[in-house]
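First the structure, in the form of structure tokens, and then the observations on it.
Where a number appears in this text, it was derived from the coordinates with a stated rule and is not lab data. Fair warning: this is a prediction, and the values are worked out from it, not measured in the lab. Neighbour counts run over all protein chains shown; Cβ positions are idealised from the backbone, glycine included.
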Amino acid sequence: MSQGPRSGLPAVSTAILAMSRHLEVRDVLKTIVVSARELLGARYAALGVPDDHGGFAQFVVDGVSEEEWKAIGPLPRQHGILAAMLQEKAPQRLPDVRQDPRFGGWPDAHPDMSDFIGMPIADGDENLGVLFLANKAGEEGTRKCPPGGCAFTEEDEALLSVLAQHAAIALTNARLYERSRELTIAGERARLAHELHDAVAQKLFSLRLTAQAAAALVDRDPARAKDELHQVARLAAEATDELRAAVVELRPAGLDEDGLVATLRTQVKVLDRAHAAHVSFTSHGMRALPSAQEEALLRVAQEALHNALRHSGAEHVDVTLARRGQGAVLRVADDGSGFDPSAVRRAGRHLGLVSMRDRANGVGGSLTVESEPGEGTAIEMEVPGG
């Protein structure tokens, strides 16, 4: 619970910085709500994102426990003061929301609220959401109000307005990021389709030709036919490996359900079974990271593993994930053929390094590549955490 309002523009600056650290819409919404409640010293805060059907697509709260929120029931509809704010797109500051003629009541389990302030979050004419705060705290975060009551002030409204303007920017950026990520995923699927055509389809074509040759040799040269059948078995095994690797990359990451450590561990186990190289995974002291950083780490690990298993001829590939400060560092190291990074750049090839660097930079992280011909390769990515 907040310990009273934090003072003035420095507090707004702190809240803006907190919002700018996140790229996922859900993380930005929660940060806005928490920042607004702390900024104004309110007991309750909520942010509603409207849908097109008279309800809310998302409704994020702070100051209400999970048990209380479940008891309240379904998400609110757009009625009463909530609907008025969405339609009029103007701030509302009320000494007692219960006395307003637009007040439509609330469910039995809903906490009792009196003084109220609402602020739209808009991007031009588009209403991205509405902030609602209630029950301004008195001194030291208590409800012991000074003479004149605890109602929100003009200064509170001005500070909340500044916060809402920056919240609109943060939400717009988060939406653009999620859209770009969708496009990136579509691009990755196109890349995988191309790989399947180039790798698996070609192996299957070779497999067919080799089987036909073996059939033709069975009667007149059984020894050569036997050699050809061994070749069929080898090609079939390689095609199976390619298909398994492609399935791993197409499978949803499961980050939301399992977290980064469990997801990486599972994928490494699958790759270890699917390839001749031994693939291992270790993790040390990890903590939860912002979801955008976790996804970037996962995708970079997948790309680095792809390179190591398909191009390096490595016998061992080691994946490590460890906490570093508030963030984390990922390292994918192999004992394969290695390469000269500068020669790769001069030749116009990049082995996925460009996309890996873009992913790292996109979440405020960094990527380093250590490799020499005959000395293996190590890809290391560090992210700052949240």
Task: the range 273-331: radius of gyration and largest Cα-Cα distance (Dmax), Å - done: 12.6, 36
Task: In nm, spacing of pseudo-spin labels at residue 220 and residue 65 (7 Å Cα→C-beta vector) - done: 8.6 nm
Task: Over the range 283-386: Rg over Rh, Cα atoms, Kirkwood Rh - done: 0.98
Task: Approximate spin-label separation residue 99-residue 112, in nm, with each point projected 7 Å along Cα-to-Cβ - done: 1.6 nm
Task: Amide proton proximity set for residue 281, modelled H, under 5 Å, gap of 5+ - done: 319
Task: Packing-based ranking, highest mean first, of 89-97, 355-363 given that Cβ atoms within 10 Å are counted - done: 355-363, 89-97
- [ ] Name the residues whose placed amide hydrogens come within less than 5 Å of the amide hydrogen of residue 316, ignoring near sequence neighbours (fewer than 5 apart) on the same chain.
- [x] 278, 335
